[in-house]
Amino acid sequence: AQKITQTQPGMFVQEKEAVTLDCTYDTSDPSYGLFWYKQPSSGEMIFLIYQGSYDQQNATEGRYSLNFQKARKSANLVISASQLGDSAMYFCAMRGVGTSGSARQLTFGSGTQLTVLP
Amino acid sequence: NAGVTQTPKFQVLKTGQSMTLQCAQDMNHEYMSWYRQDPGMGLRLIHYSVGAGITDQGEVPNGYNVSRSTTEDFPLRLLSAAPSQTSVYFCASSYSAGGLTFHGYTFGSGTRLTVV
């Protein structure tokens, strides 16, 4: 079974500073993908960044980067130069190639509520 | 470019009533899923489908029914609503998983359901 753990229910960061949101995962799949989604107060789920388990380099998308440490089974999201609009709930998720169909769907962590302070 | 369309956006039901949450996607995605979101618990998988005519249960399937007669549509039926089904429901779709590249899911805007 797959499991995602986000240990920070809430985080605060000053505008223009960088922030790291933690994510650890557990899976027996040899191949898997890791995702981060943003959910603003309006409720929609916005895809931010993806990392494949065999990718050699950490993924980056603009101000977002994924600090992938495979041996530690961690996939932390780093947001550089935080903006007020970054205030939202952030979810880490994964999907794999497991024998059960559900393992090939997204499994989510419980989320981290990020607040950016002016 | 509609993506994933969910209706309705809001719904209030009385205990014991039944209803169908609609979901449609226009991206020709093979995979479609239903999730529910409850405070402090992230999103949990209710049911999913890997193609037309194929559905299976996720983590929390009790009290829900699905069918997939076309690639585009994946409705979720609440058979007899209970207060424990008060939640936000998301439909999502994706290309199939496999190999070394994993596609993320595209989500609908969600349905906020209250059962009284």
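Can you say whether A:Tyr37 is at pLDDT 95 or above, touching a Leu at 6+ places or on another chain (Cβ under 7 Å) and under 18 Å from B:Pro39 (Cα atoms), as far as the supplied structure shows? Reasoning before the result, please.
Details: at pLDDT 95 or above: yes; touching a Leu at 6+ places or on another chain (Cβ under 7 Å): yes; under 18 Å from B:Pro39 (Cα atoms): yes.
Yes.
Among the residues that make up the range A:4-19, is at least one of them touching a Phe, Trp or Tyr at 6+ places or on another chain (Cβ under 7 Å), under 28 Å from B:Gly3 (Cα atoms) and modelled with pLDDT under 95? Looking through the range A:4-19, none of the residues is touching a Phe, Trp or Tyr at 6+ places or on another chain (Cβ under 7 Å), under 28 Å from B:Gly3 (Cα atoms) and modelled with pLDDT under 95. Of all the residues in the range B:62-108, those that are touching a residue at least 12 places away in the same chain (Cβ under 8 Å), outside any strand (DSSP E or B), surrounded by 17 or more Cβ atoms within 10 Å (Cβ to Cβ) and within 14 Å of chain A (Cβ to nearest Cβ) number 5. What about B:Gln22, is it polar (S, T, N, Q) and over 12 Å from B:Pro75 (Cβ atoms)? Judged against the criteria, B:Gln22 is not a match. Name every residue in the range A:93-110 that is facing chain B (nearest Cβ under 9 Å) and either hydroxyl-bearing (Ser, Thr, Tyr) or in a strand (DSSP E or B) (or both), in order of residue number. The answer is A:Ala93, A:Met94, A:Arg95, A:Gly96, A:Ser100, A:Ser102, A:Thr107, A:Phe108, A:Ser110. Scanning for something surrounded by 15 or more Cβ atoms within 10 Å (Cβ to Cβ), at pLDDT below 95 and in a strand (DSSP E or B), does the range A:55-76 turn up at least one residue? Looking for residues that are surrounded by 15 or more Cβ atoms within 10 Å (Cβ to Cβ), at pLDDT below 95 and in a strand (DSSP E or B), one finds none in the range A:55-76, hence no.
Among the residues of the range A:27-54, those identified as open to solvent by 10 Å² or more (accessible area, probe 1.4 Å), within 12 Å of the chain's Cα centre (by Cα) and facing chain B (nearest Cβ under 8 Å) are A:Phe47, A:Tyr50.
On inspection, B:Ser33 fails the criterion of being within 11 Å of another protein chain (Cβ to nearest Cβ), more than 14 Å from the chain's Cα centre (by Cα), of a type in the set (S, T, N, Q) and within 19 Å of A:Ser100 (Cα to Cα).
Exactly one residue among A:Ser100, A:Ser80 is out of contact with any strand residue (DSSP E or B) (no Cβ under 8 Å at 6 or more places or on another chain) and open to solvent by 10 Å² or more (accessible area, probe 1.4 Å), and that residue is A:Ser100. Among the residues making up the range B:28-61, those that are assigned to a strand (DSSP E or B) and open to solvent by 30 Å² or more (accessible area, probe 1.4 Å) are B:Gln37, B:Arg44, B:Val50, B:Ile54, B:Thr55, B:Asp56, B:Gln57.
The values are calculated or read from the model by the stated rules, or taken from the named source; none is laboratory data. What you are looking at is a predicted structure, and each value in this text was computed from that prediction instead of being measured. Virtual Cβ from ideal backbone geometry, glycine too; neighbours counted across all protein chains shown. Just so you know, the surface numbers come from the protein's heavy atoms only, side chains and all, with ligands and any DNA or RNA stripped out. Shrake-Rupley method; radii C 1.70, N 1.55, O 1.52, S 1.80 Å.
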